[in-house]
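The values are calculated or read from the model by the stated rules, or taken from the named source; none is laboratory data. Because the structure is a prediction, the values reported are computed rather than measured. Cβ coordinates were reconstructed from backbone atoms using ideal geometry, including for glycine residues, and neighbour counts include every protein chain displayed. These area figures cover heavy atoms from the full protein model, side chains too; ligands, DNA and RNA do not enter into them. Shrake-Rupley method; radii C 1.70, N 1.55, O 1.52, S 1.80 Å.
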Amino acid sequence: MGVVSFLFGRRRRTETADLAIQISVLSRETVVGLTVARARRMTLAEARGYIRARGRETITRQAELLFRRHDQLSAADREQVVSLALDQIVHLVMRHLVHTAPAARRLAA
C-alpha cells in the first residue's frame, strides 16, 4: 500500500466517521422523542434494538440530506455512514435514558 492510498483511505474513514457523528447529533432529539417512553420499560438489549429500528428512518432521512453535499461518497461509504450513525444514535439515546432515569424516579416518588 502506497503512502498516498494510505492517507486517502485514512481521510475517507475520518470523513465517514465525522458524517456519522453529525447525522446522529442532528437526529438525536427526534429519535429520543420516538423511543424513550417505551424504551424505559424494556431490557437493555430490547431497548437497543428498539432504538435502532425506530431510529433508522430518521437517520436515513438525515443522511440523505447530508449526502447531497458529499456526493463523492460511494454507495458502500454511504451505507457505512448510516451504520455508524445508527450505532452512535443507540449510544446517545441509551445515555439519555441513563442520565434521565434518576430524575424520572424522583418525580414518580
Quiz item: Using the Cβ atoms and a cut-off under 13 Å, what net charge is assigned to the surroundings of residue 91, where Lys and Arg are +1 and Asp and Glu are -1?
Solution: +3
Self-check item: Percent accessible area from carbon and sulfur atoms, the stretch 49-103, protein chains only, probe 1.4 Å
Solution: 53
Quiz prompt | Contour excess over end-to-end distance, with Cα ends at residue 15 and residue 76 and 0.36 nm allotted per residue | solution = 20.6 nm
Quiz item: Applying 1/(1 + (r/R0)^6) with R0 = 22 Å to the Cβ-Cβ distance of residue 61 and residue 41, what FRET efficiency is obtained, to the nearest 0.05?
Solution: 0.25
